[in-house]
Structures are given as structure tokens and as C-alpha cells.
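Let me begin by presenting the structure, written as C-alpha cells, before commenting on it.
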Amino acid sequence: MTGIATGSFIEARNTGELGVHSLDTFVMQVPSLKQAQEFYSNFGLDVREVGDTLTLRTFGNDHVWATLIEGQKRQLKYLSFGAFADDLPRFKTHLEGLGIKLIDGPPGFESNGVWFYGQDGVLTEIKAAPKTTLDAKAMPSFVSVPAGQRGSGLGHIELKQILPTRLAHCLIFTNDVTQAINYYQNVIGLRLSDHSGGNVAFMHGIHGSDHHLLAFARSNGPGMHHCSWDVGSVDDIGRGALYMADKGFKRGWGVGRHTIGSNYFHYVQDPWGGFSEYSCDIDYIPKGHLWDARDFADEDALAMWGPTLPVDFVHNYEMDEEFRLIG
Ligand SMILES: [Fe+2]
């Protein structure tokens with residue numbers, strides 16, 4: 001959809017250049033849909049059984065952000081990017097011009113798009129879809145009270161489930177971060193936001209998106225490190241972490257604030273070693289804005305502040321022969 005340049009809204013489309021506008025959805029295999037239902041429902045997502053899959057939505061939004069299928073191990077199966085409908089023929093020509101072989105999509109998944117094996121052999125789709133990335137920065141809330149009132153409310157711990165509003169981004173593992181940057185820039189049309197050497201990199205969409213809609217961490221193969229879900233405040237992040245811990249999902253990392261992307265975070269470890277992130281106040285890169293991409297030193301790459309990193313935070317369990325949580 002092309003936006004209208006009025007008030008605080010900006011035109012949503014960067015005309016001329018070719019690039020996807022959104023990470024539309026992803027498909028991941030997990031060893032147990034029953035465990036997945038428990039984890040993601042408690043995390044605050046709208047989890048529905050559809051045939052022999054689970055779909056992940058956010059409450060109040062009918063978009064399917066992810067589909068989970070059951071299989072032997074947790075494994076990223078495919079990434080699907082959304083593009084403007086009239087860019088789809090351009091993408092087809094572009095991909096064929098790069099010598100990329102287009103293939104049929106997996107059976108059972110409806111598609112109007114083009115399919116191919118992408119970076120690290122990850123099955124990838126570019127399809128015509130509504131823009132799900134935001135057209136302006138999502139502003140967090142901070143609620144304070146006047147002097148003489150108790151800001152924490154009840155004065156005792158009250159568990160509250162937090163309901164994220166959208167999938168913000170995914171961070172995937174790759175064999176080669178530099179190659180991944182080049183691939184996603186030249187093939188998919190993303191732009192580099194920031195990176196830390198060849199260890200991690202973060203990319204945004206050219207039609208206006210968060211600081212990153214896709215990010216990479218160096219590993220010995222592909223995998224899904226984390227999916228990140230936007231919530232409204234730092235308080236929501238802390239309460240979400242507490243709620244998940246109460247449900248038995250105590251392992252994770254946070255609360256903290258990232259240096260790259262600036263978002264506040266808490267990561268909850270899923271039953272198979274990956275993470276789901278509560279995130280808020282991530283930097284936003286408007287359409288047409290030339291972001292000053294920086295190379296961050298190793299010590300600045302993860303967080304401005306936060307607790308000690310879990311030993312397995314960047315471990316790619318998908319590449320392990322046998323699954324056993326470290327630490
Ligand atoms: Fe993240």
C-alpha cells in the first residue's frame with residue numbers, strides 16, 4: 001500500500017529501488033507441537049491448531065507470523081519476505097538475472113510468490129503481501145504517577161501475561177555473516193544497519209522498517225536463533241519475563257538494553273535451546289533515510305547493560321547431532 005504524506009505519516013514506499021518491505025512469516029520445525037503450544041501461548045501469542053501445524057499470531061491481528069510443524073528437531077525451515085505486488089515481476093526478473101533457480105514451494109503452503117534456496121541453503125520465498133513492518137517508529141509507553149501516589153500499584157507482585165503486538169524481527173545463524181550481508185543486500189534488497197565484524201549483522205528494509213527485520217550471527221550452519229516480539233514498555237518486558245519464569249521458563253537473558261538497535265530486551269529460552277525475545281523501543285529507519293552503518297567492537301556488540309550472558313546464548317543447537325542444553 002502506498003501511504004499518504006500527511007501529518008506524521010510518511011509515504012510507505014521507496015519508489016524505484018527494488019527490495020522487500022517485510023519479513024512476512026517464517027516456518028520452523030519443533031520436536032513437539034504440544035510443548036510449543038504451551039511455550040508460545042504463555043509467551044502471549046495467539047496459537048492456533050491448523051491441520052497438523054500451529055500458527056502464531058498476535059492477539060488483535062490476523063496475520064500469521066509463523067507456522068510450526070512437528071519433526072525430529074528444532075529447525076528453521078523457511079523464511080518468507082513480503083514485497084509490493086507490482087515489484088514481484090521485477091523480483092522474478094532480478095532473481096533469474098542473478099542465475100538463481102526458482103523452484104516450486106513446499107506442498108501445503110499457499111503462495112503467490114517465488115521460491116528459491118537462499119543464503120546457507122535456507123528455503124526462501126518472496127511474495128506479494130501487505131506491508132507488516134511499521135511505517136513509523138513504535139513509541140513505548142512510560143507510566144509515572146504524581147508525587148504522593150504509589151507507582152507500582154498494588155504493592156505486591158502481580159503476575160500478568162504480556163501480549164506482544166507483532167513479530168519485530170528474526171535473528172538467524174549463518175556460516176558467513178559477510179556473505180549473508182551481501183546476499184540479503186543484493187538479492188533480497190535489504191540494507192545493512194550495523195554489524196560487529198563478521199560475528200553479527202543487522203539489516204533493515206528500504207521502505208521503512210525497524211533497525212532490523214533480519215539479523216545474523218556467525219555459526220557453523222543455518223538456524224533460527226530468536227524471533228523477537230514487540231511489546232509496549234520496559235515494564236511489559238520485565239513482567240513478561242516474570243510470567244514466563246512462573247510458568248517454568250526460567251532460562252533466558254535480560255532484562256537489558258542492546259547497543260545495536262537500542263531496544264530493551266528479555267530473551268526467554270524455548271524448550272529446544274532457541275529464544276523468543278520481548279523487545280521495545282527499537283531504533284527505526286524511515287524510508288529513504290541513509291543510516292550510518294557502523295562496525296561495533298566485540299565488547300559493544302551485545303548490550304549496553306544487562307545481566308551476564310548465558311554460556312549458550314549464541315550456540316546453534318540446530319547444528320548439534322544430539323540435543324542437550326548447555327549450562
Ligand atoms: Fe532481537
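Electrostatic tally near ALA180: other residues with Cβ closer than 13 Å to its Cβ, Lys and Arg +1, Asp and Glu -1, net -1. The Rg/Rh ratio of region 60-201, with both radii computed over alpha carbons and Rh defined as the Kirkwood radius, is 1.09.
Remark on the chain: hydrodynamic radius 20.3 angstrom, per the Kirkwood mean of 1/r across alpha carbon pairs.
Loop-resident trypsin sites (Lys or Arg not before Pro) (DSSP state other than H, G, I, E or B) in region 144-205 with no more than 16 further Cβ atoms inside 10 Å of their Cβ: ARG150, LYS160. When only alpha carbons are used to place a centre, region 282-303 and region 32-73 end up 31 Å from one another.
Counted without the sites themselves, the longest stretch of the chain free of chymotrypsin sites (Phe, Trp or Tyr not before Pro) in a DSSP loop having at most 10 other beta carbon atoms within 10 Å is 143-327.
For the pairs LYS137/LYS247; LYS73/LYS131; LYS137/LYS250; LYS77/LYS137; LYS34/LYS131; LYS34/LYS77, note any where the Cα-Cα span goes beyond 22 Å. Over 22 Å Cα-Cα: LYS137/LYS247; LYS73/LYS131; LYS137/LYS250; LYS77/LYS137; LYS34/LYS131.
For region 64-74, backbone phi angles converted through the Karplus equation (6.51, -1.76, 1.60; θ = phi - 60°) give residue-by-residue couplings of 8, 7, 7, 10, 10, 10, 9, x, 4, 9, 5 Hz, Gly and Pro being listed as x. Taking trypsin sites (Lys or Arg not before Pro) across region 230-327, the ones in a DSSP loop with at most 14 further Cβ atoms lying within 10 angstrom of their Cβ are LYS250, ARG324.
Each 5 Å bin from zero up to the one holding the largest Cα-Cα distance in region 1-128 carries the following percent of pairs: 2, 9, 17, 19, 17, 14, 11, 8, 3, 0, 0. Summing Lys and Arg as +1 and Asp and Glu as -1 over all other residues whose Cβ lies under 14 Å from the Cβ of GLY306 gives a net charge of -2. Annotation: amide H of SER22 within the under-5 Å range of GLY82, sequence separation 5 or more or interchain, hydrogens built in the peptide plane.
Where a number appears in this text, it was derived from the coordinates with a stated rule and is not lab data. Being a predicted model, the structure only gives us computed values, none of them experimental. Cβ coordinates were reconstructed from backbone atoms using ideal geometry, including for glycine residues, and neighbour counts include every protein chain displayed.
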